[in-house]
Amino acid sequence: MSIENLTIGGTQVEVHRKKIKNLHVGVYPPDGRIRVAAPDSISTDAIMTAVLTRMDWIRRRQSRFHSQERQSVRRYVSGETHYFLGRPLRLTVTECDTKVHRISIEGRDRLHLSVPADSTPENRRKWIRNWRRAQLRELAAPYAETWASTLKVAPTFWGIREMRTKWGSCNPKTGRVWLNLELSKKPVEAINYVVLHELAHLISPRHDERFIATLDAHMPRWRQIRSELNALPLSSWSE
Ligand SMILES: [Zn+2]
């Protein structure tokens, strides 16, 4: 199997070539990513045509995902479920007299947010986001270090930010790697996989055979981890 990225009608499309008979176009949550499963023998032009003829349907699917996303916007009040490292945590918000906020995980499934009485949902959202960033950084740092030395690559920088369409990114020319803040909601092995994936781009910028061989050698289960990562529920997505 090989994976390539095409830009069709101004939109990024991931093409997976496989030993199959028929071409299949899929649109996936959370943000309407387009994935094409194509027979090995079909030409790139034929794939582009197939996607373009389905563009109306693709746009309809994408806008449905976007409206689902808006519906699950959080208010950061007690009782909401917030995912962290693949686990649903029940949020408890308490008001305190001080000006500082505090965030902690209590027991197995409770996220406790202690806030000044005058905090707004925007304040609370920002605090939780900063907390997520710090937690993800701490968790991913040893993975990044280990994979860099295992793969004998040297990223010049890695950071965490919000990204709309990808779990991570890597610029092989500059050696800069970004992880999606959203990963803080995903299981630890998924985070580890994305770190490996991005650092493997320092060996091969494309999803070519060499790249796939690197993943196969170091994380034989990566395909399964990736499909679980992309299949997790929408409810874990939106903030
Ligand atoms: Zn990649």
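Elements of the type helices (runs of 4 or more DSSP H) sitting completely within the range 112-219 and holding at least 3 residues that are more than 16 Å from the ligand (Cβ to nearest atom): these cover 121-151. Comparison of 81, 44, 98, 53 shows that the only residue that is farther than 23 Å from residue 2 by Cα and touching a residue at least 24 places away in the same chain (Cβ under 8 Å) is 81.
The test for being in contact with a strand residue (DSSP E or B) (Cβ under 7 Å, 6 or more places away or on another chain) and in a strand (DSSP E or B) does not hold for residue 52.
Check the range 58-65 and report whether any residue there is farther than 26 Å from residue 181 by Cα, over 22 Å from the mean Cα position of the chain (by Cα), in the same structural domain as residue 12 (by TED's automatic domain parsing) and loosely packed, with under 15 Cβ neighbours inside 10 Å. Yes.
Being more than 16 Å from the ligand (Cβ to nearest atom), assigned to a helix (DSSP H, G or I) and within 24 Å of residue 17 (Cα to Cα) is the requirement here; does residue 228 meet it? So residue 228 passes the test. Since residue 202 meets every condition but one in (1) more than 30 Å from residue 104 (Cβ to Cβ); (2) of a type in the set (A, V, I, L, M, F, W, C); (3) under 18 Å from the mean Cα position of the chain (by Cα), which condition does it not meet? Among (1) more than 30 Å from residue 104 (Cβ to Cβ); (2) of a type in the set (A, V, I, L, M, F, W, C); (3) under 18 Å from the mean Cα position of the chain (by Cα), the lone unmet condition for residue 202 is (3).
When the residues of the range 76-119 are filtered to those that are exposed (fewer than 13 other Cβ atoms within 10 Å of the Cβ) and among the basic types (Lys, Arg), which remaining residue is nearest to residue 228 (Cα to Cα)? For the range 76-119, the residue satisfying everything is 108. For the range 1-37, a tally of residues being more than 17 Å from residue 206 (Cβ to Cβ) and outside any loop (DSSP other than H, G, I, E, B) returns 11. Flag set for residue 14, criterion: more than 30 Å from residue 125 (Cβ to Cβ), at pLDDT 90 or above and surrounded by 12 or more Cβ atoms within 10 Å (Cβ to Cβ).
Out of the residues in the range 72-90 that are assigned to a loop (DSSP other than H, G, I, E, B) and within 20 Å of residue 133 (Cβ to Cβ), state the one that is modelled with the highest pLDDT. So that I can check it myself, show each step before the final result.
Filtering the range 72-90 for residues assigned to a loop (DSSP other than H, G, I, E, B) gives 72-80, 85-86.
Subsequent filtering for residues that are within 20 Å of residue 133 (Cβ to Cβ) retains 73-74, 76, 80, 85-86.
Numbers: 73: 74, 74: 79, 76: 92, 80: 92, 85: 95, 86: 90.
In this case the residue turns out to be 85.
The values are calculated or read from the model by the stated rules, or taken from the named source; none is laboratory data. Quick caveat, the model's predicted, so the values are computed rather than measured. Backbone-built Cβ (ideal geometry, glycine too); neighbour counts: all protein chains shown.
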